[in-house]
Amino acid sequence: MVAPNVKAETMRLMDRRTALEAEMNAIIASLSAPGGPGITGGLVDAEGFPRADIDIPAVIAQRRKLGELRNDHKDITNKIEKNLEVLHSTKLSRNEQSTPRSSGISAPLHSGLSENDPMEEDLVTRLPFAMIDEITEGSPAAVDGLMLGDEIVKFGSVEAGDRLQERLVSEAISNEGNQVSLVINRQGSPMNVTVTPRKWHGRGLMGCHFHIL
């Protein structure tokens, strides 16, 4: 009975990841507050002196903590993905035992999991691949409703996989001026939103940064 134990562990990992995300979002919000240095902003002024308008030691500590949390988040996400593979393999094994070999039909991941256990399907569909860790006020992303800390499950045709940054940029460029459908997790709740990549007074077509998880 491996699957029930793996499923319970996966749920615990997802709860832990949600807690990490809340802590990360709090740090990001603090660093990105008006007048703040942001995630990667400089800590010296135009003349090369330490900025007097911010608490530099505190900012350094927050950025270090954010890096540690991101590493923990990545490790937990990797464990979740491995557990999902185990759950999927177990499910397929059960399906193969109950499906005639002559049918030649193999169930895809989501249909195989959802047939008898919606919770396992939910574990798969909730898995994001990126998070918005910087967003500029007045940017297309902000105007169209994206928020700091939103987790990206699907961006247009882009889902989890390889070369994500490259694919995200390509998807935005190829859809300039057109609406792009997104599936996101916001504070643990799934949502569907649309954004329109477009030129504005700032950098890029979106005005936000996706941190790959």
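The values are calculated or read from the model by the stated rules, or taken from the named source; none is laboratory data. Values in this document were obtained by computation on a predicted structure and should not be read as measured data. Cβ: placed from backbone, ideal geometry, glycine included. Neighbour counts: every protein chain shown. All accessible areas refer to the heavy atoms of the entire protein, side chains included, with ligands and DNA or RNA removed. Shrake-Rupley method; radii C 1.70, N 1.55, O 1.52, S 1.80 Å.
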* Go through region 175-213 and give me each residue that's in contact with a strand residue (DSSP E or B) (Cβ under 9 Å, 6 or more places away or on another chain), buried (at least 16 other Cβ atoms within 10 Å of the Cβ) and in contact (Cβ under 8 Å) with a residue 60 or more places away in the chain. => Met206, Gly207, Cys208, His209, Phe210, His211, Leu213
* Structure fact -> By residue number, the members of region 31-55 that are open to solvent by 60 Å² or more (accessible area, probe 1.4 Å) and not aliphatic (A, V, I, L, M) are Pro34, Thr40, Asp45, Glu47, Phe49, Pro50, Asp53, Asp55
* Are any residues in region 160-208 in a strand (DSSP E or B) and within 11 Å of Ala141 (Cβ to Cβ), and if so, which ones? -> Val180, Leu182, Val193, Val195, Cys208
* Criterion: in a helix (DSSP H, G or I) and either open to solvent by less than 40 Å² (accessible area, probe 1.4 Å) or touching an Asp or Glu at 6+ places or on another chain (Cβ under 7 Å) (or both) - qualifying residue of Val86, Val59 -> Val59
* Scope region 21-43; condition free of Cβ contacts under 8 Å to residues at least 40 places away in the same chain, in contact with a helix residue (DSSP H, G or I) (Cβ under 9 Å, 6 or more places away or on another chain) and among the aliphatic types (A, V, I, L, M); matching residues -> Leu31, Leu43
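Tell me which residues, restricted to region 181-194, are of a type in the set (Val, Ile, Thr) and over 11 Å from Ile152 (Cβ atoms). Write out each step before concluding.
Going residue by residue through region 181-194, those that are of a type in the set (Val, Ile, Thr) are 183-184, 193-194.
If the condition is that a residue be of a type in the set (Val, Ile, Thr) and over 11 Å from Ile152 (Cβ atoms), then Thr194 is the only one that fits.
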* Asked: Is there any pair with a first residue in region 57-78 that is modelled with pLDDT of 95 or more and a second that is assigned to a helix (DSSP H, G or I) and open to solvent by 50 Å² or more (accessible area, probe 1.4 Å) whose Cβ atoms are under 9 Å apart and which are 6 or more apart or on different chains, and what are they?
  -> none
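Just one of Ala172, Ala142 is among the small types (Gly, Ala, Ser), more than 17 Å from Thr77 (Cβ to Cβ) and without any contact (Cβ under 8 Å) to a residue 60 or more places away in the chain; which is it?
Ala172
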* Return only the number of the condition from (1) part of a loop (DSSP other than H, G, I, E, B); (2) under 15 Å from the mean Cα position of the chain (by Cα) that Gly41 does not satisfy. => (2)
* Are there any pairs, at least 6 apart or on different chains, whose C-beta atoms fall under 9 Å, with the first in region 148-163 and on the phi > 0 side of the Ramachandran plot and modelled with pLDDT under 90 and the second assigned to a loop (DSSP other than H, G, I, E, B) and open to solvent by 70 Å² or more (accessible area, probe 1.4 Å), and if so, which? -> Gly149/Gln187
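Output the residue which, of all residues in region 69-83 that are of a type outside the set (S, T, N, Q) and open to solvent by 90 Å² or more (accessible area, probe 1.4 Å), is farthest from the chain's Cα centre (by Cα).
Looking at the filtered set, the residue picked out is Lys82.
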